[in-house]
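The values are calculated or read from the model by the stated rules, or taken from the named source; none is laboratory data. Computed from a prediction, not measured in an experiment: that's the story for all the values here. FYI the Cβ positions are ideal-geometry reconstructions off the backbone, even for glycines, and counts take in every protein chain you see.
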Amino acid sequence: MDIIKKLLTPGRERGRSMTPMKAEGVLIHYVGNPGSSALNNRNYFENGSGGNKVSAHYIVGLSGEIIQCVPEGERAAHAGIALSAAYKELAKTNNARFIGIEVCHPDASGRFSPVTYAALVELVADICIRYGFNPRKQVLRHYDVTGKQCPLYYVKNENEWEAFLTAVTIAVQPDNPATAGVYPVSEVNLAVMRSLGVMNSPEYWKDANIQYLNELLDKAAAPGILDKRICNGITGLDATLEVLADAGIVNTPDYWRGMAGNVLYVKELLVNMANKARIVLEKIIQAEACGEPPEGMVLVGNVIMNRCRAPGWPDGIYNVVFQANQFSPVTDGAYKRAVPSAAVKRAVDVVLSGTSYSNDAVFFRTVKGAAPDCWHETALTALFDCGGHRFYK
């Protein structure tokens, strides 16, 4: 997680009084100006916020960037005004008790974009882990302590707020059996799919069909999910089932053939998952190979797809790219900042068409500045150089 520190200049007029605090929880807000960036909102605080003297500890931006405005050990001015008498006493101590996070959003609905949502989950989970907070009890909305309709979308849609808390809980304790006991696997899958922005109709899956969904999701993580026949709007029940069966995603087409409506939901889910995987592929190629020739961009994508298929590597593009300590842009923040160019998008088209120049390479490194006795040279088989990268298997 890459946090950009742009601390506000001390002064009450900027919402940074330098008063110490001991955090007891986290408050989630949404910014008042749809489409505004994290930096815009930080500068609004710095410039006196129109005389309102407000601030927050963090701002999560439209591209998933995170700006820290106030140290966690100091009070920020984000929740001191109650909208009704019922919250008046709470409001007196809110700023002394809560780490405040403002979240950017693209439109008037106040709903966070998938990339913003994912960054917020990661930030809140990190805070909960460091302070020992229980997400269900100590992660609250601005609304919960002042009565203000903030964050708007997650006040109006309680189920979405519950999904967010579940996603944070999973991030805090991903391997804890107790978590699975509190949140059945069906709810976990629903929360994760919703948080990734790939499921538009989660309510459909809240019945016995979840057992089929779990099986389907396991299989859909494989590269077959990117079959262009699925993404290009195949219509008709039999045609859709044929594509899903050929890709190895559906083993029991007769089951789905008996319930035509189910296939529509499956198609929606798979197309959204494919689109998500494509975005991940575009961003990692942009971060790793933006200055490379077209073949070099394709080769980086080939390496990722080769790992998807090879034994011993994670299944699926997302899991390969985010495997710990594999791709430096993921850890140094370059991935989050990456904006795929037209050349990168063309390279991804080539990769997803099945074209490979890689000779089964599963590693690459930058040639310039690498020691001749580095791990790649001593432990792997060098295949060839392309642009500034050397490829290995």
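For this structure, a couple of remarks:
- Put simply, of 39, 27 the only residue that is surrounded by 14 or more Cβ atoms within 10 Å (Cβ to Cβ), out of contact with any helix residue (DSSP H, G or I) (no Cβ under 9 Å at 6 or more places or on another chain) and either assigned by TED's automatic domain parsing to the domain that holds residue 164 or not in a loop (DSSP other than H, G, I, E, B) (or both) is 39.
- Flag if residue 88 is part of a helix (DSSP H, G or I) and either at positive phi or modelled with pLDDT under 90 (or both): yes
- The stretch 298-321, subset under 15 Å from the mean Cα position of the chain (by Cα) and crowded, with 16+ Cβ neighbours inside 10 Å, residue modelled with the lowest pLDDT: 318
- Checking residue 323 against (1) touching a residue at least 60 places away in the same chain (Cβ under 8 Å); (2) touching a Pro at 6+ places or on another chain (Cβ under 7 Å); (3) not β-branched (Val, Ile, Thr), the condition it does not meet: (1)
- Any hit, the stretch 173-189, residues being more than 19 Å from residue 101 (Cα to Cα) and at pLDDT 50 or above: yes
- Restricting attention to the stretch 44-66 and to residues that are among the hydroxyl-bearing types (Ser, Thr, Tyr) and either touching a Ser or Thr at 6+ places or on another chain (Cβ under 7 Å) or in contact (Cβ under 8 Å) with a residue 40 or more places away in the chain (or both), the residue that is farthest from residue 78 (Cα to Cα) turns out to be 63.
- Selected residue (criterion: nearest to residue 70 (Cα to Cα)) from residues of the stretch 84-110 that are in contact with a strand residue (DSSP E or B) (Cβ under 9 Å, 6 or more places away or on another chain) and of a type in the set (D, E, K, R): 102
- For the stretch 318-370, residues that are of a type in the set (Ser, Thr, Tyr) and either closer than 25 Å to residue 62 by Cβ or in contact with a His (Cβ under 8 Å, 6 or more places away or on another chain) (or both) total 6.
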